[in-house]
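Only one structure is covered here, and it is reproduced in the block below.
The values are calculated or read from the model by the stated rules, or taken from the named source; none is laboratory data. Being a predicted model, the structure only gives us computed values, none of them experimental. Here the Cβ positions follow ideal geometry from the backbone for every residue, glycine too, while neighbour counts run over all protein chains shown. All accessible areas refer to the heavy atoms of the entire protein, side chains included, with ligands and DNA or RNA removed. Shrake-Rupley method; radii C 1.70, N 1.55, O 1.52, S 1.80 Å.
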Amino acid sequence: MEPNPGPAATRPVLPEGYGLPSSTEGLLSWPEVEQHLTVSQHYWLTTVRPDGTPHSVPRWGVWLDGRFYYDGAPTTRHARNLQDNPACTLTLESGTQVVIVEGVSTATSADPGDLGARLASAFEKYHPQYAPVADAWAGPDGGGLRMIIPRRALAWFAFPTDCTRFVFSGHTP
């Protein structure tokens, strides 16, 4: 089996005057963008309220296996929003080292012997004392665990020269 090449990388479509190169030279690679998602400690999650207005909240979480995992009580505003509309946006803190991931968030669970153990290890980036134990997300309710599956992403680290749009398989730009 051949390895997954990752999402397709192209230039985004922006109005004239932004200075985007016309060629694909200088596009970011998905592995370098994923590295930023993996090492980051601060993320912003934006969901849509039932009245159609946005709701943004800072989140701790981990990027693992091409997905973003985070947890929280199902009673929180963002979790209630996602029950009605799973569409969301995940961004990093920086306005210059930019990564914007559009996707859907779903409730999930994690087997303590596999994904649960790897998630617990990944959460140690915050501090070992705050890392959940491997069985924290087991069981039918998953302990509030949610997973964002990416559809599209936009990233740049030296705008406009490396501004790159990523489209994941099965989705449109």
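Quick notes
- Residue in the range 61-77 that is surrounded by 14 or more Cβ atoms within 10 Å (Cβ to Cβ), touching a Ser or Thr at 6+ places or on another chain (Cβ under 7 Å), among the basic types (K, R) and modelled with pLDDT of 95 or more present: no
- For the range 81-96, the set of residues classified as at pLDDT 95 or above and within 20 Å of T108 (Cα to Cα) consists of N81, L82, N85, P86, A87, C88, T89, L90, listed by residue number.
- Strands (runs of 3 or more DSSP E) lying entirely in the range 16-114 (those with 2 or more residues that are within 30 Å of A134 (Cβ to Cβ) and touching a residue at least 40 places away in the same chain (Cβ under 8 Å)): 43-48, 62-64, 67-71, 87-92, 98-107
- Number of positions in the range 38-58 that are surrounded by 15 or more Cβ atoms within 10 Å (Cβ to Cβ) and of a type in the set (F, W, Y): 1
- Restricting the range 125-173 to residues that are assigned to a helix (DSSP H, G or I) and either touching a His at 6+ places or on another chain (Cβ under 6 Å) or open to solvent by 70 Å² or more (accessible area, probe 1.4 Å) (or both) leaves a set whose member that is nearest to Y43 (Cα to Cα) is Y130.
- In the range 124-173, the residues that are out of contact with any Ser or Thr (no Cβ under 8 Å at 6 or more places or on another chain) and among the small types (G, A, S): A134, A136, G144, A153, A158, S169, G170
- Top-ranked residue in the range 91-121 [being among the β-branched types (V, I, T), under 16 Å from E32 (Cα atoms) and open to solvent by less than 40 Å² (accessible area, probe 1.4 Å); ranked as nearest to the chain's Cα centre (by Cα)]: V101
- Across the range 14-30, the number of residues qualifying as within 15 Å of R152 (Cα to Cα) and not aliphatic (A, V, I, L, M) comes to 2.
- For the range 1-17, the candidate set comprises residues that are at pLDDT 90 or above and not hydrophobic (A, V, I, L, M, F, W, C); within that set, the residue that is most open to solvent (accessible area, probe 1.4 Å) is T10.
- Condition check for S22: at pLDDT below 95, of a type in the set (S, T, N, Q) and within 16 Å of R165 (Cβ to Cβ): yes
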